[in-house]
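Please read the structure below before turning to the comments.
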Amino acid sequence: MADDNDKQAAALIAALAPKIAEAIIPQLSEQVETQVKGLKDKNDELLDKLANMKKDAEIEEAGKASAALAAKTKALIDAADKQRIARLDGDNMYQGRKAGDAIKISRSDARSVAAYRDAKALAEKEGVPLEIVADE
């Protein structure tokens, strides 16, 4: 009799198992899908945060590069301005040559006694040599 009960129980289980599975699987599937959707949403959120952090880092790096370029540009402009100021004479007139450079006069201009005398006087006044250069 115990064997008959075991056989009947096994047959009952075999008959009910598919029906129980049919009833439970949709509920389980829905719960699993809900949990997976939550994981997917959280994953997307974290990936978006990571992407934003990378963008922020790129923006910060670009800002640093821009600041460095601006500093270099300012240094170049300051150096050029210092050179410009150094070339101004006492009357704030721009001198095309640097202080200490030779006074240059072309051969044709040197033939004029007055121009040569003026150039020589200026060279002596500044303590620099007078250089006669070829006509251009």
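Pairs please, first residue from the range 90-118 and of a type in the set (A, V, I, L, M, F, W, C), second anywhere and part of a loop (DSSP other than H, G, I, E, B) and at pLDDT 85 or above, Cβ atoms under 8 Å, 6+ apart in sequence or on different chains.
Once the first residue is of a type in the set (A, V, I, L, M, F, W, C) and sits in the range 90-118, its partners that are part of a loop (DSSP other than H, G, I, E, B) and at pLDDT 85 or above give Ala102/Val128; Ala102/Pro129; Ile103/Val128; Ile103/Pro129.
Take Gly38 and tell me if it is surrounded by 10 or more Cβ atoms within 10 Å (Cβ to Cβ) and over 27 Å from the mean Cα position of the chain (by Cα).
So Gly38 passes the test.
I'd like the full set of residues that are of a type in the set (Lys, Arg) and modelled with pLDDT of 85 or more, limited to the range 81-119.
Scanning the range 81-119 gives Lys82, Lys104, Arg107, Arg111, Arg117.
Kindly provide the set of residues from the range 113-130 that are closer than 13 Å to Gly100 by Cβ and surrounded by 12 or more Cβ atoms within 10 Å (Cβ to Cβ), ordered by number.
Scanning the range 113-130 gives Ala123, Glu126, Val128.
The values are calculated or read from the model by the stated rules, or taken from the named source; none is laboratory data. All of these numbers come straight from a predicted model, not from anything done at the bench. A quick note on method: Cβ atoms are made from the backbone with ideal geometry, for glycine too, and the neighbour counts reach across all protein chains shown.
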